[in-house]
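The values are calculated or read from the model by the stated rules, or taken from the named source; none is laboratory data. Since the model is a prediction, treat every value here as computed from it, not as a measurement. So basically every Cβ, Gly included, is an ideal-geometry build from the backbone, and we count neighbours across all protein chains shown.
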Amino acid sequence: MQYWLMKSEPSEASIDDALAAPGAVLPWIGVRNYQARNFMRDQMAVGDGVLFYHSSCPQPGIAGLAEVASSAYPDASQFEPQSPYYDSKATQEQPRWMLVDVRALHKTRLLSLAELRAHPDLSQMLLLQRGSRLSITPVSAAEWRIIRALLQ
DNA sequence: GCCAACGTTGGC
DNA sequence: GCCAACGTTGGC
């Protein structure tokens, strides 16, 4: 059992959008970073805990809880020429981009980036490291516990 | 809109 | 393999 933080721009897919989806499940399309892809492909398992983070928005922060709901499979958007996520170098035989399904569990209060930064025991979170832009980062069990408590 | 930081591309 | 140029991320 591992824990993750996954960023989504709420203008693209918010926690409300995820909860409104069939089964509250979203295929996590559009990841085009190898490190983030590798986390999904190689390390995620069904049932892993996910912090649903809103990025590139007026109030960045953790907005909900979710879980990994599938193992990795090819991201279909890489094959769609009209998609912003199209990748001309990807083929059905050799897909380049993988994703997992994410099931939203419930909204939380907005645990802001500023509050995360202010917490001394969270200073090692990958999210908070200087220059960190990864859209998917592992969260330690200790960080997960602290954040769950902050969300109570 | 600005800009720091990072990742990718492609010429050499 | 190097590295400059470029594109993207994402907070502010």
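Filter region A:68-79 down to the residues that are crowded, with 19+ Cβ neighbours inside 10 Å and closer than 11 Å to residue A:101 by Cα and list them by number.
Keep residues of region A:68-79 that are crowded, with 19+ Cβ neighbours inside 10 Å, which gives A:68-69, A:72, A:75, A:77-78.
Listed by number, the residues that qualify are A:68, A:69, A:72, A:75.
Please find, among A:132, A:77, A:71, A:83, the residue that is assigned to a helix (DSSP H, G or I) and either at pLDDT 95 or above or out of contact with any strand residue (DSSP E or B) (no Cβ under 6 Å at 6 or more places or on another chain) (or both). Lay out the reasoning, then the answer.
Numbers: A:132 fails: assigned to a helix (DSSP H, G or I); A:71 fails: assigned to a helix (DSSP H, G or I); A:83 fails: assigned to a helix (DSSP H, G or I).
Being assigned to a helix (DSSP H, G or I) and either at pLDDT 95 or above or out of contact with any strand residue (DSSP E or B) (no Cβ under 6 Å at 6 or more places or on another chain) (or both) holds for just one of A:132, A:77, A:71, A:83, which is A:77.
Which of the residues belonging to region A:1-16 are away from DNA strand B (no atom under 16 Å from the Cβ), assigned to a helix (DSSP H, G or I) and surrounded by 15 or more Cβ atoms within 10 Å (Cβ to Cβ)?
Passing the criteria: A:13, A:15.
Residues in region A:110-122: is at least one part of a strand (DSSP E or B), at pLDDT 95 or above and more than 18 Å from residue A:7 (Cα to Cα)?
Taking region A:110-122 first, the residues part of a strand (DSSP E or B) are A:110-112.
Applying the additional criterion that residues be at pLDDT 95 or above yields A:110-112.
Applying the additional criterion that residues be more than 18 Å from residue A:7 (Cα to Cα) yields none.
Within region A:110-122, not a single residue is part of a strand (DSSP E or B), at pLDDT 95 or above and more than 18 Å from residue A:7 (Cα to Cα).
Does residue A:88 fit the bill of being within 12 Å of DNA strand C (Cβ to nearest atom) and surrounded by fewer than 20 Cβ atoms within 10 Å (Cβ to Cβ)?
Numbers: within 12 Å of DNA strand C (Cβ to nearest atom): no; surrounded by fewer than 20 Cβ atoms within 10 Å (Cβ to Cβ): yes.
The answer is no for residue A:88.
Within region A:124-141, restricting attention to residues that are surrounded by 12 or more Cβ atoms within 10 Å (Cβ to Cβ) and of a type in the set (Gly, Ala, Ser), which residue is nearest to DNA strand C (Cβ to nearest atom)?
Checked region A:124-141; the qualifying residue nearest to DNA strand C (Cβ to nearest atom) is A:135.
Condition check ((1) among the aliphatic types (A, V, I, L, M); (2) in contact (Cβ under 8 Å) with a residue 60 or more places away in the chain) across all residues:
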residue	(1), (2)
A:7	no, yes
A:12	no, no
A:33	no, yes
A:38	no, no
A:43	no, yes
A:63	yes, no
A:79	no, no
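Within region A:43-57, work out how many residues are hydrophobic (A, V, I, L, M, F, W, C), within 13 Å of DNA strand C (Cβ to nearest atom) and surrounded by fewer than 24 Cβ atoms within 10 Å (Cβ to Cβ).
Adding up the residues that qualify gives 1.
Here is a list: A:145, A:109. Which entry is surrounded by fewer than 15 Cβ atoms within 10 Å (Cβ to Cβ), more than 19 Å from residue A:21 (Cβ to Cβ) and without any contact (Cβ under 8 Å) to a residue 24 or more places away in the chain?
Just one listed residue meets the conditions, A:145.
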